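What follows is a short report on a single structure.
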Amino acid sequence: MLGKFRPKAKANPTHSGGKSLLTRKLPLNKRNGLIFIAIFAVVGASLLVITRAATSPVAFEPETGALAAGATSVANANASGGRVLAFAGAATPAPTPPPVAGVYGAGVGIDGKANVPIGEYTMAIKFKASTSSALQGVRFTQRFGPVYSGGNGGTMTVQLRPDNGAGQPHASTVLATMSFSPGNYASHTEIYDLKTFPSPPNLTAGTIYYVVFSNGSDTSNYISVNNAYNEAPTTPRQPRFPDSDFAVMQTAGGSWSFRTVSSYTPVVDLVYANGAIDGQCYYESMNEQYANISGTGGRIRENMLVSGGNKTVKGVYARVRRTSGTSPLILTLKDSAGNAVNSVSVPSTSVPVSSPGSAASGAVWVGGTFSTPATLSSGSRYSLELSTASGTTYSTWPIRARGNPQQYNSFRFSDGVFEYATTGTNWTRGYYDPYQVNMQMYFTLN
């Protein structure tokens, strides 16, 4: 029986909780402007270091010690007390993900990371194809380190299977398969590289498929696959995805079940030959870096530059929790000049009181419908600002997308960026890689 959390001291917990296992915790005012110049590509079970310009995306993130911005070898990087995050494949401009009807914004809420050990379990990612094209490959998070992997890492088999007519992967029909030996790492490591099918299968838009991960029944030589986690899952699990179209499932040899009462969300890129990509790449809940909302000295916003055509929005929602006080939370849509376009007031009783900074911080989705719909013009800048009166404190935290923005990536809200203000209108972009960090929010479309 797997426990809820996966601390190093236990053999069978299932997720890493609030603290990111790949990021060093830094104060808010020191997470900006950090530059990393090494990226790593996976070659078999070894790592090849490739130096890049200083504008290259984050690739190596130490948990302790000095930042290894000048790492030029694996030995050099490891000596700095850190771990390797690997991206494989040539840099490719990220295509625009398929539009999702009814939602504009991230539309994803995360409390932590979550793993499934492959060998003890067979895992499947359920998804609905958005396009008719050949599925070239799958990018997913391979998780290594004490508890998360063992032995030589085993042999991972990844298959694409159709639905069996009862909402489960077909037992005998396999549309495509690949196998690889991931190797193993003594330190905590994640690799997020593209694994391609030797014979890419043709998929049909609107059809349910399953990516199935297996390792026989080897519980000594294995790795884990990481997903996103919600402490208190909602229906739908994520506002952006219908539960029937996107889910994590598992089996230990019997029937398939949704992972931990539907609390897991896949983190996956499903890469098609026609350039489309299904899935979503939000993987990290930065809940230890929460921002308070209180009076003029504590506000947050999603700063947005609208793309892909005009958007008519009729309501807005954000994922927050409350520390104290009884004043309402105000969600305000503002134009580029800072003028209020529309707003929603949420009573304090809709947000339970809880303690911030952990996976169990009690965040909930709240919001409502605007008095009149508003049009967001493509090419124009807007912001969604969260505020409340002095004497009341709410908080929220950003979520971070997985992957290198110069490579294949599935959905993330690239129109927006998370910002916070501690004094007046002194807005600061959140953290060291703001292009990957968003508020847990969304607008409903008219």
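Assorted remarks:
- Per residue, the accessible area of the range 161-300 comes to 36 Å² when a 1.4 Å probe rolls over the protein heavy atoms.
- Under the Karplus curve 6.51 cos²θ - 1.76 cosθ + 1.60, θ = phi - 60°, whole-Hz ³J(HN,Hα) for the range 112-124, x wherever Gly or Pro sits: x, 9, 8, 10, 10, x, 8, x, 5, 10, 9, 10, 9
- For the range 219-319, the extents of the C-alpha atoms along the principal axes are 55, 38, 26 Å, listed from largest to smallest.
- Averaging over all projection directions, the Cα-based convex hull of the range 113-232 occupies 8.0 nm² in the image plane.
- Listed pairs K311/K334; K126/K314; K126/K195; K128/K311 exceeding 21 Å between Cα atoms: K126/K314; K128/K311
- Rounded to whole numbers, the Karplus 3J(HN,Hα) couplings from phi for the range 150-158 are x, x, 9, x, x, 10, 8, 10, 10 Hz, using 6.51 cos²θ - 1.76 cosθ + 1.60 with θ = phi - 60°, and x at Gly and Pro.
- With every protein chain in place, the range 220-274: carbon and sulfur % of accessible area (1.4 Å): 55
The values are calculated or read from the model by the stated rules, or taken from the named source; none is laboratory data. Treat the numbers as computed from the prediction; the structure is a model and nothing was measured. The accessibility values were calculated without ligands, DNA or RNA, using every heavy atom of the protein model including side chains. Shrake-Rupley method; radii C 1.70, N 1.55, O 1.52, S 1.80 Å.
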